[in-house]
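The values are calculated or read from the model by the stated rules, or taken from the named source; none is laboratory data. Keep in mind that what you see is a predicted model, and the values were worked out from it rather than measured. Methodologically, a virtual Cβ is constructed for each residue, glycine included, from the backbone with ideal geometry; neighbour enumeration extends over all protein chains shown.
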Amino acid sequence: METEYETRPREAIARILRAEPRFFSAAELCARLDESGTPVSRATVYRTLERLAAKGEAALRLNDRGEATFMSCDNGHHHHAICRSCGRVEDVACGALDSFVDRLRSLHGFQLDDHSLEFHGKCRSCV
């Protein structure tokens, strides 16, 4: 079993992700790390983000430009409402969608492996 050590760069990346409820690109994280006096190579940022996503501690999504972005995510399966103005992300639990998944299974015999759903618009602060 591989032992994973928490390094200063990993801790700094995780801290930035937890501080704001939004998706960050690797370039944004590198800039934030530089500003905070903890410069980290882009390769280390990518490896850390991939590791966090694999452990279920970060959500991955492609932005409108096809760029991989990540946010802290540790509360089980859920969906997101994303503000197009400020980038704020709200977690959305949706019982109706759970019912739909159950119906898909019972009516069509379709077993989902995974799914994701995003709602886009403006948050309360930006309306």
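Which numbered condition in (1) surrounded by fewer than 11 Cβ atoms within 10 Å (Cβ to Cβ); (2) more than 30 Å from residue 26 (Cα to Cα) is the only one that residue 66 fails?
(2)
Which one of the conditions (1) farther than 18 Å from residue 9 by Cβ; (2) not in a loop (DSSP other than H, G, I, E, B) does residue 56 fail to meet, given that it meets all the rest?
It fails just one condition, (2).
Quick test for you: out of 49, 29, pick the one residue that is closer than 23 Å to residue 123 by Cβ, assigned to a helix (DSSP H, G or I) and either without any contact (Cβ under 8 Å) to a residue 40 or more places away in the chain or more than 11 Å from the chain's Cα centre (by Cα) (or both).
29
Look at the range 69-113 and say how many of its residues are free of Cβ contacts under 8 Å to residues at least 12 places away in the same chain, on the phi < 0 side of the Ramachandran plot and under 20 Å from the mean Cα position of the chain (by Cα).
Number satisfying all stated conditions: 2.
Restricting the search to the range 81-98, which residues are farther than 22 Å from residue 65 by Cα and either among the basic types (Lys, Arg) or modelled with pLDDT of 85 or more (or both)?
Of everything in the range 81-98, nothing turns out to be farther than 22 Å from residue 65 by Cα and either among the basic types (Lys, Arg) or modelled with pLDDT of 85 or more (or both).
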